2 protein chains.
Amino acid sequence: MSVIPLPLPIRSVAAGNGSAVFSQAADLFQLLRDGEPRTRAELAAITGLARSTIAARVETLLAADLISPVGEAASSGGRPPSRIAFNPAARVVIAADIGASHGVVALTDLAGTVLASTTADLSIADGPETVLAWVAATAGKLLADTAGGAPDVAGIGIGLPGPVEHTTGRPTNPPIMPGWDGFDVPGFLQRSFLVPVLVDNDVNIMALGEQSTQWPGDDNLLFVKVATGIGAGIIGGGQLQRGAVGAAGDLGHVRVPNADHVICRCGNTGCLEALVGGPALAAQMRELGFEARSVRDVVALARGGNGTAIAAVRQAGRDIGTVLATCVNLLNPSTIVIGGALAESGEHLLAGIREVVYQRSLPLSTARLRIVASRAMESAGILGAAMMVVQHVLGAAMIEATLAQATASAQH
Amino acid sequence: MSVIPLPLPIRSVAAGNGSAVFSQAADLFQLLRDGEPRTRAELAAITGLARSTIAARVETLLAADLISPVGEAASSGGRPPSRIAFNPAARVVIAADIGASHGVVALTDLAGTVLASTTADLSIADGPETVLAWVAATAGKLLADTAGGAPDVAGIGIGLPGPVEHTTGRPTNPPIMPGWDGFDVPGFLQRSFLVPVLVDNDVNIMALGEQSTQWPGDDNLLFVKVATGIGAGIIGGGQLQRGAVGAAGDLGHVRVPNADHVICRCGNTGCLEALVGGPALAAQMRELGFEARSVRDVVALARGGNGTAIAAVRQAGRDIGTVLATCVNLLNPSTIVIGGALAESGEHLLAGIREVVYQRSLPLSTARLRIVASRAMESAGILGAAMMVVQHVLGAAMIEATLAQATASAQH
């Protein structure tokens, strides 16, 4: 029998895929991003990377001012090894979360901490020039007001309420965004700021914000927004899953069993959104004689202890659970996070969802499944927009540096 | 307004994520794997990578014997630039596709071309030692019989009929595989071959085989196997999506609307598999007075022009389409490939699936959606097992080389 070892270290045997080593490098930043000071030796021990590899990476990050030396570590003799820590103040990020009728622009540091923010009513239907000019002007004002006056901008992250082709930053046939189809969002904003501009769907950035700040290291997370509409952001294998044209995660128009009596605005019957979206729930409460114009009114009734509203929210949870049971069988997430306005009604929604998911999904997939309410809540979008930029900038800087070093080395 | 450019080339602005540059490097192998000879300058032009980067990468691949110089290119003067091409004969891969009642072991080259293979009846229930000893012995015999006698083995790829934790290569609670739960498959095979061993679910490797050989570059593909059971392999963002415990893609137990009269072996009602899995279809045909013991008999009847069988297959397509419509809304794939025994019944199954998917899914997600029959068919599993190894070995070799170069460079 032929037994010829490859020039691969044994530790990469069965490592899963070729990106394992690079994941370890990415883990280095994840590690450092917690702000904890560590020595190079500690980083090598934790990551399993060679000390020479750690040294090269640390050098690159120091040169970019993304990490700094801090204090001295205890040593067993000789020159004390210096500790290094992430320097989140090295750059600021412009993060924007644009909804149908309001927008938020914030400045954050590289750890995603919000330094300043502005919220305003706006109409997405005013078109991209008007809305994005407001984003740029608001960001400019926030930067001018920030202590120090002119901080380095790492990039702009922006969430929009419709499908986006992430690689180009252009919306694709967004249903509630007249004038935005195919608009070059990065190009427009780069007239004001010559920095990377990353654009995504609002539910996708909420998923990223929730995952990166509340569930770091959870590579298979489903974020479900239940409000006027119903949508999901899918993180699978550690990456946002956007689909072929940025339309992934559309739960609102999935057909619910035994709901064919409901007609949806999309033209089909039995869609989840037509059954339990905000307008449907409010209409249902009005028919029963209660004052309710929006999902927020339904939530207020339920939180006030109105039994009819609580029953409606719980049944909405069951109907959403029917669709999520399919998602669990299909995607096998470890965490499902429920966000959006209806999630503020508390445990009643979650209880309905859990009831059906645990009944309908396979035991193997639910054995370690968590179904929880959003913790980041209203800030999930801004946090996600910021983290999208941080991941891009740190990742790109590291890869560029690695390639540059490799190239320089090859030329010797 | 603060306008401070980052130390990033403008081409990486809005590039999507930090792995863009590394994707380009991976593209270099994808390019070379077509076997077409190219000069370094041509590779630089096609990939957009710097010529110095191309030179470094080519050097690494030449040193590993994975590419070779071939012939001479036309030149405008001076020393003629040499062309290089992928050298698929540099190593062989051991690929195994193990089903419930049969197994295939093959040798392939690094392009996935099958050099030799052996098929045998076996029972997965005989347990891992018996089955894997057969795999090792069969591979050894194939290697001994192969011209040259003792070719370099790049690695072993193996597909099993149950959920697998891919990072460790251990099955997790596989329902039809007694004795396999948690078994160290790589460890066992590495007693015979000290090479990387990659293990995955059989439908996952079929998805990978179909995608890498028939739809290369299609980053969002859903492979659906319809046979005795029904399952899917999901490729999203270019990566196999395995979920938290390797259970992703279980379509068989998704609840189909208006099918609650059907009781499934899982204990729930209305599951897709209980409605249109092989045993259910065969039973349905028997009730109507036809001879049918298995899904293959149903296919034979349909292919023979039996109208009742054709109607049953088409209705099965509609029921599967109901579940796939949800998958389309959720995942937004660009291609759905239908494989497995029932797919051999021809266009009737596809017609039923298309009918419902195009009716029930969102127009944005179906505008450019293809729904097609498997082209790799019975060889999809073996091809995927081989490709899993090729991607691992090429990717790992390249990343190790890049890191080694970067480290060496940093130490100067």
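The values are calculated or read from the model by the stated rules, or taken from the named source; none is laboratory data. Just so we're clear, the structure is a prediction, and the values are computed from it rather than from any experiment. Positions of Cβ are generated from backbone atoms using ideal geometry, with glycine treated the same way; all protein chains shown enter the neighbour counts.
Here are some notes:
- Subset of region B:255-273 (residues that are in contact with an Asp or Glu (Cβ under 9 Å, 6 or more places away or on another chain), of a type outside the set (G, A, S) and modelled with pLDDT of 90 or more): B:V256, B:C264, B:T269, B:L272
- Options B:A341, B:A282: the member that is more than 11 Å from chain A (Cβ to nearest Cβ) and modelled with pLDDT of 95 or more: B:A282
- Pairs, first small (G, A, S) in region A:110-123, second part of a loop (DSSP other than H, G, I, E, B) and modelled with pLDDT of 95 or more, C-beta under 9 Å, six or more apart: none
- Counting only residues that are surrounded by 17 or more Cβ atoms within 10 Å (Cβ to Cβ) and either under 20 Å from the mean Cα position of the chain (by Cα) or not in a helix (DSSP H, G or I) (or both), region B:136-157 holds 6 of them.
- Filtered residue count, region A:158-167, keeping only those that are within 13 Å of another protein chain (Cβ to nearest Cβ) and in a loop (DSSP other than H, G, I, E, B): 4
- Residues in region A:324-374 that are closer than 23 Å to B:L240 by Cβ and charged (D, E, K, R): A:R368 only.
- Among the candidates A:A309, A:A292, residue that is in a helix (DSSP H, G or I) and without any contact (Cβ under 8 Å) to a residue 40 or more places away in the chain: A:A309
- Test: residue in region B:168-190 that is facing chain A (nearest Cβ under 8 Å), crowded, with 23+ Cβ neighbours inside 10 Å and among the small types (G, A, S): yes
- Just one of the numbered conditions (1) closer than 23 Å to A:V323 by Cβ; (2) free of Cβ contacts under 8 Å to residues at least 12 places away in the same chain; (3) surrounded by fewer than 24 Cβ atoms within 10 Å (Cβ to Cβ) is not true of B:G243: (3).
- Test: residue in region B:95-106 that is surrounded by 22 or more Cβ atoms within 10 Å (Cβ to Cβ), under 28 Å from B:V58 (Cβ atoms), modelled with pLDDT of 90 or more and within 21 Å of the chain's Cα centre (by Cα): yes
- Applying the criterion of being among the β-branched types (V, I, T) and in a strand (DSSP E or B) to the residues of region B:191-213, the residue that is farthest from the other protein chains (Cβ to nearest Cβ) is B:V199.
- One residue stands out among those in region A:359-391 that are at pLDDT 95 or above and either part of a strand (DSSP E or B) or within 13 Å of another protein chain (Cβ to nearest Cβ) (or both): the one that is farthest from A:I310 (Cα to Cα), which is A:L369.
- Among the residues of region B:223-239, the ones that are at the interface with chain A (Cβ under 10 Å from one of its Cβ atoms), modelled with pLDDT of 95 or more and over 22 Å from B:V295 (Cα atoms) come to 2 in all.
- Restricting attention to region A:323-333 and to residues that are within 7 Å of chain B (Cβ to nearest Cβ) and in contact (Cβ under 8 Å) with a residue 40 or more places away in the chain, the residue that is farthest from B:L251 (Cα to Cα) turns out to be A:P333.
- Residue in region A:332-341 that is in a helix (DSSP H, G or I) and buried (at least 21 other Cβ atoms within 10 Å of the Cβ) present: no
- When A:F29, A:F22 are checked against the criterion of being modelled with pLDDT under 55, under 31 Å from the mean Cα position of the chain (by Cα) and not assigned by TED's automatic domain parsing to the domain that holds A:V131, A:F22 stands alone in meeting it.
- The lone exception for B:V254 - which of (1) facing another protein chain (nearest Cβ under 7 Å); (2) buried (at least 20 other Cβ atoms within 10 Å of the Cβ); (3) over 16 Å from B:D319 (Cβ atoms); (4) not basic (K, R) it fails: (3)
- Odd one out for B:G339, checked against (1) over 17 Å from B:R296 (Cα atoms); (2) in contact with a Phe, Trp or Tyr (Cβ under 9 Å, 6 or more places away or on another chain): (1)
- Candidates B:D260, B:D319 - the one that is facing another protein chain (nearest Cβ under 10 Å), surrounded by fewer than 24 Cβ atoms within 10 Å (Cβ to Cβ) and not hydrophobic (A, V, I, L, M, F, W, C): B:D260
- Residue within region B:87-96 that is under 19 Å from B:N204 (Cα atoms), not in a strand (DSSP E or B) and not assigned by TED's automatic domain parsing to the domain that holds B:V58 present: no
- Scanning region A:263-279 for residues that are surrounded by fewer than 20 Cβ atoms within 10 Å (Cβ to Cβ) and free of Cβ contacts under 8 Å to residues at least 24 places away in the same chain turns up A:I263, A:C264, A:R265, A:C266, A:G267, A:N268, A:T269.
- The set of residues from region B:340-370 being touching a residue at least 40 places away in the same chain (Cβ under 8 Å) and not small (G, A, S) comprises B:L342, B:E344, B:H348, B:L349, B:L369.
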